[in-house]
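Presented below is the structure to which this report refers.
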Amino acid sequence: DCVDCARFDSTSPLKRAGIFVSQVPTEIMSHTAPRVRIAMVVLAMAAIGLAGTALVRSARIERTLQTEVARVEGLARLLDRPEHQTLTMADVDAIRSDIEELRETEDRVDDLEALASARERVIAAAVRSVVFLQGAYGFTDPDSGRPLRFAVGEDGLPTIGPGGQPAFTIEGNGPELEIFYTGTGFVATEDGRILTNRHVAEPWLFDEEALAMTALGLVPVMRRFIGYLPGEAEPFDVSLVASSETADVALLRCQKVTAGLPVLRLDDLSLDTGDEVVVLGYPTGIRAMIARSQREILPVLEARGEVDFWEVAEILAEGGHIAPLATRGIVGQITAASVVYDADTTHGGSGGPVIGLDGSVVAINSAILNDFTGSNLGVPAAEALRLLPQGMSCASTS
C-alpha cells in the first residue's frame, strides 16, 4: 500500500521516497498484530544500542591512536637530536658513575643501620649492670670522735660566720654536717665488684672545701654509701675496696645482689681514634631521673610532702624509674692517661662505663672539660685492669 501511494501521489522520485518513508511506520503501527509491533520496537532499540556502542569504541580507538602517534612522534624528535643518535663512551661513564654513587649511598645507609643496631645491642646488654651510687660524707674530730656540726644559737637557728657562711663546731647538738652527692658505677667482676671513679668513692680528696677541713685536722667519714640497680626497688650498701694512686678509678665492695649480673668486660686494646663509643650513667643524678619520669613521679612527691635526699631515691626506685642515660660520641684522642670523647655527660655520670661498639668497656667516664666544649675525659681501661687484682671478693661478705 505504501508503495502504491508513493507511486501514484507524485512523479518526483524524491517525493515518492519521502512519502514511502513517512507512511511505513504509521502503517506498521496501525495495520499489524501487537506482537509484531513489540518486536519492531525491540529491534529498533537494539539497533540504536549497537550504534551507540560502536561510536564509543570508535572514540576510544581514536584516542589510543592519537596517544601512540604522539609518543612515536616524541621518540622520533628525541632520536633526531644528535646527542641521542648513539650511546657514547661518555654516556656509559655517566651511567657507571650514577650506579656507583647509588651503591655508595646504599652502603652508607647499611652502615648507619648497622651502627644503630650495634648501639642498641650494647645498651641492652649493659644497662642492667650500671649502678646508681648515692653517698653522703662528713667530718669528725680525731681526738674526741665528735662529728662536725652546724653551729646553732639559742633560738635553734644556724649561726652565720664572719664570711657569711654557716659556722661549724664539734660542740653542741646542731645538725651534723653531711655533704650529699651521686655518681655511677658498673659491675666489673663475676662476684659483683663495682668499678667507679676515685672521686666518687673518696670525694673529699677532690673538693677544695673538704680539703680545707682536713687541713684543720678533721677526718673525713663516709656517713652512707649505697647503690641502686635499674629496675630494683631496694638499695644495697657499698664500700671502698681499693683505689688507684695514679688514676681516677676505684673498686667497691658490695652485697651479693650484684653477683651474677652481666659483667661489663674491660678491654684496653680495642680502641682507636675515630671509634664510636656509648657512655652509660646518671648525669645530674636524681634531678635527671625526676625529669625523665615527671608525669608519674611528681604527683607522688607532692603527695609525700617534704622528702629528703634518700627518700627521693627510694620513691624513684619503688616506681621503677632508676635507669641510666645513654649517650654516644666519637673518640678524639687516646693517651696513656686519658681517653677524650665528645659524648654528652655531666656531673653524676662520673664512674660510668665508656663502651665500644663491640660491647667492651674501653674507659671509665671521669671528667668534663669545661673549657673545651663537647669533650670529656675517661680513665683508660688499662688503669682499671691494674686495680682489679687488689679487690676483695664480694662473695665473702654479706
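Scanning segment 308-343 for residues that are in contact (Cβ under 8 Å) with a residue 40 or more places away in the chain, among the charged types (D, E, K, R) and under 26 Å from residue 178 (Cβ atoms), we see that the one that is least open to solvent (accessible area, probe 1.4 Å) is 314. Of everything listed in (1) among the polar types (S, T, N, Q); (2) assigned to a strand (DSSP E or B); (3) within 23 Å of residue 124 (Cβ to Cβ), the single unmet condition for residue 239 is (3).
Yes or no, residue by residue, for (1) in a loop (DSSP other than H, G, I, E, B); (2) farther than 27 Å from residue 382 by Cα; (3) open to solvent by less than 60 Å² (accessible area, probe 1.4 Å):
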{"residue": "204", "(1), (2), (3)": "no, no, yes"}
{"residue": "212", "(1), (2), (3)": "no, yes, yes"}
{"residue": "217", "(1), (2), (3)": "yes, yes, yes"}
{"residue": "225", "(1), (2), (3)": "no, no, yes"}
{"residue": "245", "(1), (2), (3)": "yes, no, no"}
{"residue": "248", "(1), (2), (3)": "yes, no, yes"}
{"residue": "251", "(1), (2), (3)": "no, no, yes"}
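Per the conditions (1) under 33 Å from the mean Cα position of the chain (by Cα); (2) not in a strand (DSSP E or B), the sole criterion not satisfied by residue 184 is (2). From the list 190, 171, the lone residue that is under 44 Å from the mean Cα position of the chain (by Cα) and surrounded by fewer than 16 Cβ atoms within 10 Å (Cβ to Cβ) is 190.
Take the conditions of a type in the set (Asp, Glu), under 33 Å from the mean Cα position of the chain (by Cα), under 21 Å from residue 313 (Cβ atoms) and not in a strand (DSSP E or B) and apply them to residue 234. Does it pass? So residue 234 fits the description; yes. Of the set (1) in a helix (DSSP H, G or I); (2) modelled with pLDDT of 65 or more, all apply to residue 101 but (2).
Scanning segment 348-368 for residues that are among the hydrophobic types (A, V, I, L, M, F, W, C) and farther than 21 Å from residue 182 by Cβ, we see that the one that is modelled with the highest pLDDT is 362. Just one of the listed residues (147, 203) is under 26 Å from residue 280 (Cβ atoms) and not hydroxyl-bearing (Ser, Thr, Tyr), and it is 203. The set of residues in segment 139-157 that are under 30 Å from residue 350 (Cβ atoms) and loosely packed, with under 15 Cβ neighbours inside 10 Å contains only 142.
Only one of 70, 51 is open to solvent by less than 80 Å² (accessible area, probe 1.4 Å) and modelled with pLDDT of 75 or more; which?
Numbers: 70 fails: modelled with pLDDT of 75 or more.
After applying the criteria, what remains is 51.
Applying the criterion of being open to solvent by 10 Å² or more (accessible area, probe 1.4 Å) and touching a residue at least 24 places away in the same chain (Cβ under 8 Å) to the residues of segment 123-136, the residue that is farthest from residue 260 (Cα to Cα) is 123. Applying the set (1) without any contact (Cβ under 8 Å) to a residue 12 or more places away in the chain; (2) in a strand (DSSP E or B) to residue 269 leaves exactly one unmet item: (2). In segment 14-26, the residues that are in a helix (DSSP H, G or I) reach residues that are open to solvent by 70 Å² or more (accessible area, probe 1.4 Å) and modelled with pLDDT under 70 with C-beta atoms within less than 7 angstrom, at least six apart or across chains, in these pairs: 16/7; 19/9. The residues of segment 131-170 that are in a loop (DSSP other than H, G, I, E, B) and aliphatic (A, V, I, L, M), listed by number, are 148, 151, 157, 167, 170.
Annotation: of all residues in segment 344-376 being more than 11 Å from residue 281 (Cα to Cα), more than 20 Å from the chain's Cα centre (by Cα) and among the β-branched types (Val, Ile, Thr), the one that is most open to solvent (accessible area, probe 1.4 Å) is 373.
With the structure loaded, tell me whether residue 345 is at pLDDT below 85, in contact with a Ser or Thr (Cβ under 9 Å, 6 or more places away or on another chain) and under 25 Å from residue 120 (Cβ atoms) or whether it fails that test.
Criteria met by residue 345.
Applying the set (1) open to solvent by less than 60 Å² (accessible area, probe 1.4 Å); (2) modelled with pLDDT of 85 or more to residue 297 leaves exactly one unmet item: (2).
Here is a list: 272, 267. Which entry is open to solvent by less than 70 Å² (accessible area, probe 1.4 Å) and within 29 Å of residue 388 (Cα to Cα)?
Values: 272 fails: open to solvent by less than 70 Å² (accessible area, probe 1.4 Å).
Criteria check complete, one pass: 267.
The values are calculated or read from the model by the stated rules, or taken from the named source; none is laboratory data. This structure is a prediction, so every number in the text was calculated from the model and none was measured. Glycine also receives a Cβ, built like all others from the backbone with ideal geometry; neighbour counts cover every protein chain displayed. Calculation scope for accessible area: heavy atoms of the full protein, side chains included, ligands and nucleic acids excluded. Shrake-Rupley method; radii C 1.70, N 1.55, O 1.52, S 1.80 Å.
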